[in-house]
1. Checking the table Lys233/Lys325; Lys233/Lys312; Lys86/Lys443; Lys11/Lys242; Lys12/Lys242; Lys132/Lys361 against a 32 Å threshold on Cα-Cα, which pairs fail?
2. Rounded if a/c is under 1.5, else prolate if a/b beats b/c, else oblate: with a ≥ b ≥ c from the C-alpha gyration tensor eigenvalues square-rooted, which is segment 122-217?
3. Just in segment 282-382: which trypsin sites (Lys or Arg not before Pro) are loop by DSSP and have at most 15 other Cβ atoms within 10 Å?
4. Tell me the relative contact order for segment 347-440 as a rounded percent, counting alpha carbon contacts under 8 Å between residues six or more apart.
5. Let me check against my output: what whole-number percent is the relative contact order of the chain, with C-alpha pairs under 8 Å and at least 6 apart?
6. In the neighborhood of Ile404, defined by Cβ-to-Cβ distances under 11 Å, what is the net charge if each Lys or Arg adds +1 and each Asp or Glu adds -1?
7. What net charge do the residues around Gln15 carry, taking every other residue with its C-beta under 11 Å from that of Gln15, with Lys and Arg at +1 and Asp and Glu at -1?
8. Once phi is turned into θ = phi - 60°, what whole-Hz ³J(HN,Hα) does the Karplus curve with 6.51, -1.76 and 1.60 give for every residue of segment 416-423, x standing for Gly and Pro?
Amino acid sequence: MTEKEQVALSKKQLQRNIFSMIWPATIEAVLQMMVGIVATAMVGRLGAVAIGAVGLGSRIAGIVWVVFSAIGTGATVFVARAIGAKDHSTARKIAFQALLLGVLLVLALTIAVYFFARPILQWFGSDGELLKVSWSYLRLVVWSMPFMAIMQIVGASLRGAGNTRTPMIIAFIMNIINIAVSYCVIFGNLGFPRLGVTGAAVGAIVAQATGAAIALWVLYRPDKTLSLYYLEKYQVSLADIKRILNIGVPVAAQSLFWQFATIIITRWIVGFGTVPLAAHQLGLTAESLSFMPGVGFSVAATAFVGQSLGKKDTALAERYVKEIKKWCLILVTFTASCLFFIPRVLLSLFTSDIAVIELGKYYLMMMALIQFPQQLSDVMIGALRGAGMTRRPMIYAGIGLWLIRLPGSYFLGVVLGYGVIGVWSAMIIDIITRFCLNLRLFKKGTWKNSDLI
């Protein structure tokens, strides 16, 4: 076999490795998002107040989500490094510490949100029927968070080990259960009580609890490389927790920047009226169908860069990132086109309210214009996380959200009176700015010299 043939074969294997990870990770991301999408689509038939209530409740519950997503990132990075170095014992230790830490922190936050749900919602500016419905939904749906934490952290550890199919299968089962339960209890079908918006919370809890049970069963099966069945000691390791937090805290801060900025912006949007709030919420939900594939590419970048650097092979890490970016651009061309050319069709999947659809279409068309920089940023950030570089992207997120998106939204939306269109315009400026900053950092190449283990 000639050198050229070896290179060609190597490239084919590289692509095979990428797609064997990306397609399950992408499908899993879509399926995870489908839990919220199904709830939104079903309650969308109940009216704009129901849409707004679920949107507000989900936004607040998203703050709790930040904790286990950040811990999951740390788990993915260190498990990937350990697997790359063929150190399975360390990989198991990291998975256990991440799971323990995540469940304890999320449980504490869940309790806090439950007891302070009403004042939090009032801070948003919601009142009357919207406050009543949002409060009932939030106090119930927040109990799905500990189950989601288990499922997400287990999934993050498995992805670090290169296993994206198992989390995908769990997410698929969870969605089937969510659709079935929500269909029965939201509308009162098949003899079940009609619970309306509360039924969406019930469906989420049942589905997430089932997913968590399956995830724990998978993690403790004795025939898996990452199985905790073979863990030598079940005890707290402060050293491992510190390493996870060193990676996870900046990721959590980055997510919290986004969450709190979004909360403030949502409060302004509430002041614009129920229709703008519903259009914004449904726009975010419909857009998620576009950027979910980007999540799969980002996950692959994190795992492959982590594993490659664990092997001390920086050239392989570079090749993985280059190939992932190429295929990401190809896919985004399709998804962005859907957002731009058929926005009404996408929005009609979630509501029949003509006013909401007509306003929401502008959100999808505007966001279609910045899908390329947004998705490429996700890939680059995923690669940087795989190398353990999470602080600089956190700083860039703070700059974009707090120095551009927030003041821009207030100035364009409130001061100049462009309403929710002004808010969406500020979002575009923020995303483009952060793309430029992350691109500059990535091209410096310092991430290739990161040494975590």
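Read the figures in this text as sums done on the coordinates, not as results from a lab. Just so it is clear, the structure is predicted and the values come from calculations on it, not from any experiment. Reconstructed Cβ throughout: ideal geometry from the backbone, glycine too, with neighbour counts over all protein chains shown.
1. Lys233/Lys325; Lys11/Lys242; Lys12/Lys242
2. Oblate, because a/c is 1.5 or more while a/b does not exceed b/c.
3. Lys311, Lys312
4. Worked out over segment 347-440, it gives 34 percent.
5. It rounds to 21 percent for the chain.
6. My count for the surroundings of Ile404 gives +1.
7. In short, +4.
8. So the Karplus estimates, Gly and Pro as x, are 7, x, 7, x, 5, 5, x, 4 Hz.
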